[in-house]
């Protein structure tokens, strides 16, 4: 008798290493994009999250590639949607993507939900019995029971989602913050408790860029993330890749950009020392704008007490006046 059988009591399981090896399952539904476990797709409202998922579902049902990558075999696709018009929205997008009722057959099921609570998840599990090889989409986490800022409530919601889905691959859609900081920075983290991101194996962030472009950023456990730039085609779920940037390439690009910025700033500080000493900030800013471009007001900010140019000039002055150590 194995250790598993001895310790198999209700929900409690204890596996030996040998037993766990026999239960290994694929890591990816789509390599580097959709985990075979839990994937969280986040983005601002109207960013294209549902459209991207519709494109995935269309690829699954038609057997075609998703964003240029092979899709592992999927049995059924079950979508639990909480928005009032979600049934029509998914239907119309799938039809626009070329999925017919005959092609979808019994493999596609849309389940309207008022709330993502334990009762709904229990009914989904009981009626449809998702299992290994299926894909279950929960759209949208903001309609979970409780407070999505609460660690306990979020943990309970994900426990219900996991219990409802069995061994199926799960995709959960969530909002990210609509707030923007200085320089237009917007967080890619999902809105709510930090547990939301922690519960997912893989994170996908969708950001809209105008009417015909979007950026997809991936990260998570077990692989390096990427940034994919996509064009949107004739319908909202029609995506084509224009560029893929690996995390290593992103780091290299940031380093190169940082070096270029530092070199440019060093040149501008040297030019200031040669051409603007003794001038007021306004007069110096006017000369800098004429020489290097930009607005006079921006250069005045750079020359203010906490501006980078003022701080750089002060650090240079300090290094010149500091006595060398006695040896």
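Report whether or not residue 159 is surrounded by fewer than 21 Cβ atoms within 10 Å (Cβ to Cβ), touching a residue at least 60 places away in the same chain (Cβ under 8 Å) and within 22 Å of residue 39 (Cβ to Cβ). When the stated conditions are applied, residue 159 does not pass them.
The residue that is nearest to residue 267 (Cα to Cα), counting only those in the stretch 290-306 that are modelled with pLDDT of 90 or more and in a loop (DSSP other than H, G, I, E, B), is 293. Considering only residues in the stretch 46-59 that are touching a strand residue (DSSP E or B) at 6+ places or on another chain (Cβ under 6 Å) and part of a loop (DSSP other than H, G, I, E, B), the one that is surrounded by the most Cβ atoms within 10 Å (Cβ to Cβ) turns out to be 48. Checked against the criterion of being over 16 Å from the mean Cα position of the chain (by Cα), surrounded by 14 or more Cβ atoms within 10 Å (Cβ to Cβ) and closer than 14 Å to residue 172 by Cα, the stretch 93-107 has no qualifying residue. Residue 173 passes every criterion in (1) crowded, with 21+ Cβ neighbours inside 10 Å; (2) farther than 28 Å from residue 116 by Cβ apart from (2).
I'd like to know if the stretch 15-30 contains one or more residues that are within 22 Å of residue 234 (Cβ to Cβ), outside any helix (DSSP H, G or I) and touching a helix residue (DSSP H, G or I) at 6+ places or on another chain (Cβ under 7 Å).
For the stretch 15-30, residues within 22 Å of residue 234 (Cβ to Cβ), outside any helix (DSSP H, G or I) and touching a helix residue (DSSP H, G or I) at 6+ places or on another chain (Cβ under 7 Å): absent.
Hey, can you tell me all the residues within the stretch 123-144 that are surrounded by fewer than 18 Cβ atoms within 10 Å (Cβ to Cβ) and out of contact with any helix residue (DSSP H, G or I) (no Cβ under 7 Å at 6 or more places or on another chain)? If the condition is that a residue be surrounded by fewer than 18 Cβ atoms within 10 Å (Cβ to Cβ) and out of contact with any helix residue (DSSP H, G or I) (no Cβ under 7 Å at 6 or more places or on another chain), then 123, 126, 127, 129, 131, 132, 133, 142 are the ones that fit. Residues being within 21 Å of residue 201 (Cβ to Cβ) and in contact (Cβ under 8 Å) with a residue 60 or more places away in the chain: count how many of those fall in the stretch 15-51. Summing the residues that are within 21 Å of residue 201 (Cβ to Cβ) and in contact (Cβ under 8 Å) with a residue 60 or more places away in the chain in the stretch 15-51 gives 17.
I'd like to check something: does the stretch 195-206 contain any residue that is at pLDDT 95 or above, closer than 30 Å to residue 150 by Cβ, surrounded by 12 or more Cβ atoms within 10 Å (Cβ to Cβ) and more than 16 Å from the chain's Cα centre (by Cα)? No; the residues of the stretch 195-206 include none that is at pLDDT 95 or above, closer than 30 Å to residue 150 by Cβ, surrounded by 12 or more Cβ atoms within 10 Å (Cβ to Cβ) and more than 16 Å from the chain's Cα centre (by Cα).
Whether any residue in the stretch 68-77 is within 20 Å of the chain's Cα centre (by Cα), assigned to a strand (DSSP E or B) and surrounded by fewer than 21 Cβ atoms within 10 Å (Cβ to Cβ) is what I want to check. Yes.
The values are calculated or read from the model by the stated rules, or taken from the named source; none is laboratory data. Small disclaimer: the values here were computed from a predicted structure and weren't measured. With ideal geometry, Cβ positions are generated from the backbone for all residues, glycine too; neighbour counts draw on all protein chains shown.
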